[in-house]
1. May I ask you to verify whether GLU30 is in contact with a strand residue (DSSP E or B) (Cβ under 8 Å, 6 or more places away or on another chain) and at pLDDT 95 or above?
2. Could you check how many residues of region 61-98 are at pLDDT 95 or above, over 25 Å from ALA188 (Cα atoms) and touching an Asp or Glu at 6+ places or on another chain (Cβ under 8 Å)?
3. Quick one: count up the residues across region 225-239 that are surrounded by fewer than 17 Cβ atoms within 10 Å (Cβ to Cβ) and over 12 Å from LEU299 (Cβ atoms).
4. Please go through (1) surrounded by fewer than 19 Cβ atoms within 10 Å (Cβ to Cβ); (2) modelled with pLDDT of 95 or more; (3) part of a helix (DSSP H, G or I) for ILE171 and return the number of the only condition it doesn't satisfy.
5. Among the candidates VAL91, VAL154, VAL142, single out the residue that is assigned to a strand (DSSP E or B), of a type in the set (A, V, I, L, M, F, W, C), touching a residue at least 12 places away in the same chain (Cβ under 8 Å) and outside the structural domain of THR285 (by TED's automatic domain parsing).
6. List, please: which pairs have Cβ atoms under 6 Å, are six or more places apart or on different chains, and start with a residue in region 259-277 that is without any contact (Cβ under 8 Å) to a residue 24 or more places away in the chain and not assigned by TED's automatic domain parsing to the domain that holds VAL324 and end with one that is surrounded by 15 or more Cβ atoms within 10 Å (Cβ to Cβ) and assigned to a helix (DSSP H, G or I)?
7. Could you count how many residues in region 36-59 are more than 22 Å from ILE233 (Cβ to Cβ) and either surrounded by fewer than 20 Cβ atoms within 10 Å (Cβ to Cβ) or of a type outside the set (Ser, Thr, Tyr) (or both)?
8. Suppose we keep only residues that are free of Cβ contacts under 8 Å to residues at least 40 places away in the same chain and farther than 19 Å from LEU78 by Cα within region 175-219. Which one would you say is nearest to the chain's Cα centre (by Cα)?
Amino acid sequence: MNTLLRQHAEQQFAEELAALKKNETQKIPENWAMSPQSVVTYLMGGKLSDGFEVSPKYIGQRRLMEIAVATLVTDRALLLYGLPGTAKSWVSEHLAAAISGDSTMIVQGTAGTGEESIRYGWNYAKLLAEGPTEAAMVQTPVMRAMREGKIARVEELTRIGSDVQDTLITILSEKSMPIPELDTEVQAIRGFNVIATANNRDKGVNDLSSALKRRFNTVILPLPATIDEEIDIVRRRVESFEKVMELPAEKPALEEIRRIVTIFRELRAGVTEDGKTKLKTPSGTLSTAEAISVMNNGLALSGYFGDGRINASDLVSGIIGAVVKDPVQDKVVWNEYMETVLKTRDGWKDIYRAARDWGE
């Protein structure tokens, strides 16, 4: 049997979800798989009463996850908002997995997402043969979630056109979806709710109407507060990737992860870690997710085209690819950083030499 490239959260963490259900002592809302307290434990990690260890899925403020979970117990939908790479989709998936046991009821927002992706569509062969019937209708993930009392996910809500976004208003306020062609409606059962994500780099693209905003409780997911927090996130995700992909490479040293994270944080902030040198900032976001990608790419290079031990030359191509999005403006930013920071920093000469050689 072929191995899945990426399992859904409820598959990958099935053992943890089962352990949380087994140790459950709190009241469980209708159609939820576990209590709100257990959902937060699943997200933040912790030791259960029988000694079972639950791994953290979100590294950050516990209160943010408590607010998110508490919102989903009410009749308000949840909007996870923040910069690209702040784990919005990751949190959304794990919330749905823990609450509904199913994270797959998802609508991916794009400029081409139409009303039929959110409400319902039609099987046109059946529609022509039978006319509008229940059998000819194509259910969307949102409709299925309403009927089954589960969580529906809408990714990148602000990339969807404003007129299509507003089809959510009746669903979120009335908890029903009119189907005029059949002179009927779908009414949501308890347990149904919506988690949407949006990134603030898309602000102004398709801003939410005030009517739709009122239907959401917004939780802003920040960038990791400290360097150690960000290093921990990168380490966990890289180790998970390495395990799934079975790369023939050694686990990266924590110091290598620290160097990548330091570079990204300094360029993101426009100042070195010690606060002594001001820097130009690149056009990209240099998010935690991109740091994870750089490390994963370095592992692949070292495993298949090196000696299996990750080094500076394995990392530099990924670093430059993440920083230099604009070949003119960002190239200047990177060259300045390379000459004023990398060149003079103790123990970083290998990164500087690899970066210089790459540039040549």
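The values are calculated or read from the model by the stated rules, or taken from the named source; none is laboratory data. Computed from a predicted model, the values in this text were never measured in an experiment. Using ideal geometry, Cβ is built from the backbone for each residue, glycine included, and neighbour counts are taken over all protein chains shown.
1. Judged against the criteria, GLU30 is not a match.
2. Selection size over region 61-98: 0.
3. 6
4. Result: ILE171 fails condition (1) only.
5. Among VAL91, VAL154, VAL142, only VAL154 is assigned to a strand (DSSP E or B), of a type in the set (A, V, I, L, M, F, W, C), touching a residue at least 12 places away in the same chain (Cβ under 8 Å) and outside the structural domain of THR285 (by TED's automatic domain parsing).
6. Close Cβ pairs (under 6 Å, with a partner that is surrounded by 15 or more Cβ atoms within 10 Å (Cβ to Cβ) and assigned to a helix (DSSP H, G or I)) do not exist here.
7. Matching residues across region 36-59 total 7.
8. Step by step, filter region 175-219, then rank; the result is GLY204.
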